[in-house]
Amino acid sequence: MISQKNLELGTKSSVIREVFEYGLKRKAEIGEDKVFDYSLGNPNIPSPKKVNETLKKLIQESDPTELHGYSSGPGYVNVRKAVASYLNETYAVNESYSRIYMTCGAAASLTITLNALVCEGDEIIVLAPYFPEYKVFIEHTGAKVVEVMCDKETMQPDVAAICQAINEHTKGIILNSPNNPTGAVYSSMVLAELSSVLSEKELQYSHPIYVISDEPYRELVYESSVPYTAKIIKNTISCYSFSKSLSLPGERIGYICVCERCEDGDNIFSAICGAGRALGYVCAPVLFQKMIPEVLGATSSIDEYDKNRREIKRILDECGFKYIEPEGAFYIFIKSPTENARDFCEEAKNFELLLVRSDEFGCPGFVRIAYCVSNKMIKSSEEAWKKLAEKYRLTGERK
């Protein structure tokens, strides 16, 4: 016998990967330039020059046995100190390197943190719409997933609904801002309201409720700014990845920061070390650890993403599609013009538009498009969007 749960996970792709794989097949059939694939959040903007320059220098000048050897489990001390200094200088906080754990990207950060926190009978709140893998990560720990819908007009957290969902079993809540799949940036005011509610509930139930802040898009923001969650909410554990800011999704490098004001923070960090050990997530890639101090604060071209954002918004506006205003990340969440978003996505395929239905994001009735694609592809897809809009008689409407 083998694990049926893991067998099911291994034989069934996520909806995002399902659409992506369909796109690969379709491109082989009719040509890549004829398929408009908005499925995958895979950065298309090159990494900053500093990344390759630093990697080249490390390879040329480092002792290869050290460069390709092990670090300590939580990562190199000098790297963790650099991360802490960057956070403190950027956000006016007081984080300690001794509570920073280098990881193999955001998935490792989240799974390690969840496994460090969860005990039998615990519940973790997720704010819908949410990245589908959250559910996989949480359920693997044995915790119960509790979905709370955001405000469907703004996609800001519904603090009153979160308050109602919290009970004596609530161990934590995952926040993701800028958000995948909506592009929403959670406001300081909403986070302050949430902080107040969490403090009240912690007193009521006599235990901390931890905020797991998933922050891979923290630097990818346009007209607004991204509040640093740990500065507003006391019991925050920040999970970060350099995949999106530096266009390094395949390199798997990030960190966990058990923030200064986090209750029982030293023991949580020890539990994170233990969870990393149990899951086999010790010693994040050394070459990329050593790169981090030189590239902190650098980003791929946000102007290029913004150019794409403005272009796709223009097309959607002119076609009459309704969407959530994208303030950050590189996604737009479109309201399906038909009740069943699956049907809408299937119709879009007839025009070679590959979109991701929102059902698996916990929010039926929408579709996600990832605009981290070439600007040329966005422009080339305009006629397809117009034909799709005509199918639903949307032409001429405005958002």
- Cross-link table Lys244/Lys322; Lys244/Lys335; Lys56/Lys244; Lys27/Lys391; Lys144/Lys307; Lys171/Lys349, entries beyond 30 Å C-alpha to C-alpha: Lys144/Lys307; Lys171/Lys349
- Task: Evaluate the distance, in nm, between pseudo-label points positioned 7 Å from the Cα of Leu7 and of Glu352 along their respective Cα→Cβ axes.
- Result: 4.1 nm
- Message: Could you list Thr65, Thr338, Thr182 so that the one with the fewest beta carbons within 10 Å of its beta carbon is first and the one with the most is last?
- Response: Thr65, Thr338, Thr182
- Message: Taking θ = phi - 60°, what integer Hz values does the Karplus form 6.51 cos²θ - 1.76 cosθ + 1.60 yield along region 265-271, in sequence order, with x for Gly and Pro?
- Response: x, 5, 5, 4, 4, 4, 5
- Query: Among all the aspartates and glutamates, which ones have a C-alpha under 19 Å from Lys135's C-alpha, if same-chain residues fewer than 8 places away are not counted?
  - Reply: Glu8, Glu18, Glu120, Asp122, Glu123, Glu147, Asp214, Glu215, Asp359, Glu360
- Item | Under 22 Å from the Cα of Lys57 - lysines, other chains or at least 8 residues apart | Lys49, Lys81, Lys290
- Pairs of Cα atoms under 8 Å, at least six residues apart: use those to get the relative contact order of region 153-259, whole percent. 25 percent
- In region 255-297, the GluC sites (Glu not before Pro) that fall in loop regions by DSSP, at most 15 other Cβ within 10 Å: Glu263
- Task: Identify all aspartates and glutamates with a Cα-Cα distance to Lys5 below 15 Å; exclude those on the same chain that are fewer than 8 residues away in sequence.
- Result: Glu133, Glu139
- Message: I'd like the orientation of helix 105-117 relative to the chain: the angle between its Cα long axis and the longest Cα principal axis, in ° from 0 to 90, rounded to 10.
- Response: 50 degrees
- Here the relative contact order (percent) of the chain, from C-alpha pairs under 8 Å and at least 6 apart, is 24 percent
- Message: What are the ³J(HN,Hα) couplings of region 139-155, residue after residue, when phi is run through the Karplus curve with 6.51, -1.76, 1.60 and θ = phi - 60°? Round to Hz, x for glycine and proline.
- Response: 5, 5, 7, x, 7, 8, 8, 10, 8, 10, 6, 6, 4, 6, 8, 10, 6
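Read the figures in this text as sums done on the coordinates, not as results from a lab. None of these values were measured; they are calculated from a predicted model. A quick note on method: Cβ atoms are made from the backbone with ideal geometry, for glycine too, and the neighbour counts reach across all protein chains shown.
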